[in-house]
1. Looking at segment 178-199, which of the residues that are touching a Gly at 6+ places or on another chain (Cβ under 9 Å) and surrounded by fewer than 19 Cβ atoms within 10 Å (Cβ to Cβ) is nearest to residue 52 (Cα to Cα)?
2. Quick one: how many residues across segment 279-293 are open to solvent by 70 Å² or more (accessible area, probe 1.4 Å) and free of Cβ contacts under 8 Å to residues at least 60 places away in the same chain?
3. If the requirement is being within 9 Å of the ligand (Cβ to nearest atom) and either at pLDDT below 95 or closer than 15 Å to residue 165 by Cα (or both), which of these qualifies: 255, 208?
4. Could you run through segment 156-201 and say how many residues are within 14 Å of the ligand (Cβ to nearest atom) and either part of a loop (DSSP other than H, G, I, E, B) or at pLDDT below 95 (or both)?
5. Residues in segment 214-233: is at least one among the polar types (S, T, N, Q), within 14 Å of the ligand (Cβ to nearest atom), surrounded by 15 or more Cβ atoms within 10 Å (Cβ to Cβ) and in contact (Cβ under 8 Å) with a residue 60 or more places away in the chain?
6. Do you know which of the residues in segment 239-256 that are in a loop (DSSP other than H, G, I, E, B) and surrounded by fewer than 16 Cβ atoms within 10 Å (Cβ to Cβ) is nearest to the chain's Cα centre (by Cα)?
7. Condition first: closer than 18 Å to residue 24 by Cα, open to solvent by 20 Å² or more (accessible area, probe 1.4 Å) and more than 10 Å from the ligand (Cβ to nearest atom). Can you find one or more residues in segment 263-278 that meet it?
8. So which residues in segment 2-28 are touching a Ser or Thr at 6+ places or on another chain (Cβ under 8 Å) and charged (D, E, K, R)?
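The values are calculated or read from the model by the stated rules, or taken from the named source; none is laboratory data. What you see is a predicted model; the values in this text were computed from it and never measured. As a convention, Cβ positions derive from the backbone with ideal geometry for all residues, glycine included, and neighbour counts pool all protein chains shown. All accessible areas refer to the heavy atoms of the entire protein, side chains included, with ligands and DNA or RNA removed. Shrake-Rupley method; radii C 1.70, N 1.55, O 1.52, S 1.80 Å.
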Amino acid sequence: MNHQVPRIVLNSGTVIPQLGLGVWQAANDETEHAVRFALDEAGYRHIDTAAAYGNEEGVGRGISTSSVAREDIFLTTKLWNADHGYERALKGFDTSLERLGVDYVDLYLIHWPMQDDDRILRTWDALEKIAESGRAKAIGVCNFEPRHLQLLIDHGGTVPAIDQVELHPHLAQRDIRNFGTDHGIVVESWSPLGGTSNSGWGKDSKPNTLLTEPIITRIGDRHGKSAAQVMIRWHLQSGLIVIPKSVHDSRIRENIDVFDFELSEQDLSEIEALDGGVRVGAHPDQMNVGGPE
Ligand SMILES: NC(=O)c1ccc[n+]([C@@H]2O[C@H](COP(=O)([O-])OP(=O)(O)OC[C@H]3O[C@@H](n4cnc5c(N)ncnc54)[C@H](OP(=O)(O)O)[C@@H]3O)[C@@H](O)[C@H]2O)c1
């Protein structure tokens, strides 16, 4: 079992394992199995879910039936778009805790900024209140562009601990990473392997082309590692938090088996050169699904 996952200290003082398991597009039963397997058999200590994934119950069951103590697990969930606004956010958080069957989460994130700056601030006020209560050890955001992050900073309260954004070799997100470095906000990569073909992005669903990208597979061949392992190493060596998703035991193991090799400067720069600003998911300015009525 692998326990070499580095840890990063967030601006809240909370310590997060740099590699975790994502569970988007996994049903409750397969999520329960994947979470338990990841914790008990593969050495993961960090799970990333969201209210919108419909599998918080499965995550909760996987955690409670594993042999790992709750306090040794870093658990993230996210506030869905319908729960923006102060009172709705407080309720949305309570519902997530109930579904997860836990009395706190380690990280609570706003899932999307949506297109309403006043409402973003009211939602953030609610997350600050939740953090003050100790029921979220850290609070942060997803899919925030630098201007959204600046909005929260100018609001004058808590600076988000994390911005979780789409980030992989085709979308290196330099502006957000530079902004994060300047303001103590750690960047976390979603769809770190290039996402799932036939994904939940509806008609905009794009095939995963990174897992078969020749430059990446060639680097993998040099190290005796898969394309997925090369990409996970790239995120880790770039100082990013990475949450690859799989519901298959062998891949869950494979994705954490990345601490016996290192990418060279040349490998890293070959991967950097793949950045074309190409997304597989939605742009934050266009994502307006499921907002409050
Ligand atoms: N905040 C947000 O807005 C947001 C948006 C999207 C995702 N996320 C989070 O980020 C996590 C990861 O992103 P993602 O699920 O979109 O995509 P991803 O982790 O980049 O890719 C997952 C896909 O790759 C496959 N896969 C996993 N490991 C593999 C391996 N070793 N070899 C070959 N294929 C492999 C998975 O299939 P199998 O499962 O069949 O193995 C799945 O189809 C999500 O699960 C979620 O927790 C957050």
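1. Here the residue is 199.
2. Residues that pass the stated criteria total 2.
3. Exactly one of 255, 208 is within 9 Å of the ligand (Cβ to nearest atom) and either at pLDDT below 95 or closer than 15 Å to residue 165 by Cα (or both), namely 208.
4. 16
5. no
6. If we take residues in segment 239-256 being in a loop (DSSP other than H, G, I, E, B) and surrounded by fewer than 16 Cβ atoms within 10 Å (Cβ to Cβ), then 239 is nearest to the chain's Cα centre (by Cα).
7. No: zero hits.
8. None - no residue of segment 2-28 is touching a Ser or Thr at 6+ places or on another chain (Cβ under 8 Å) and charged (D, E, K, R), so the list stays empty.
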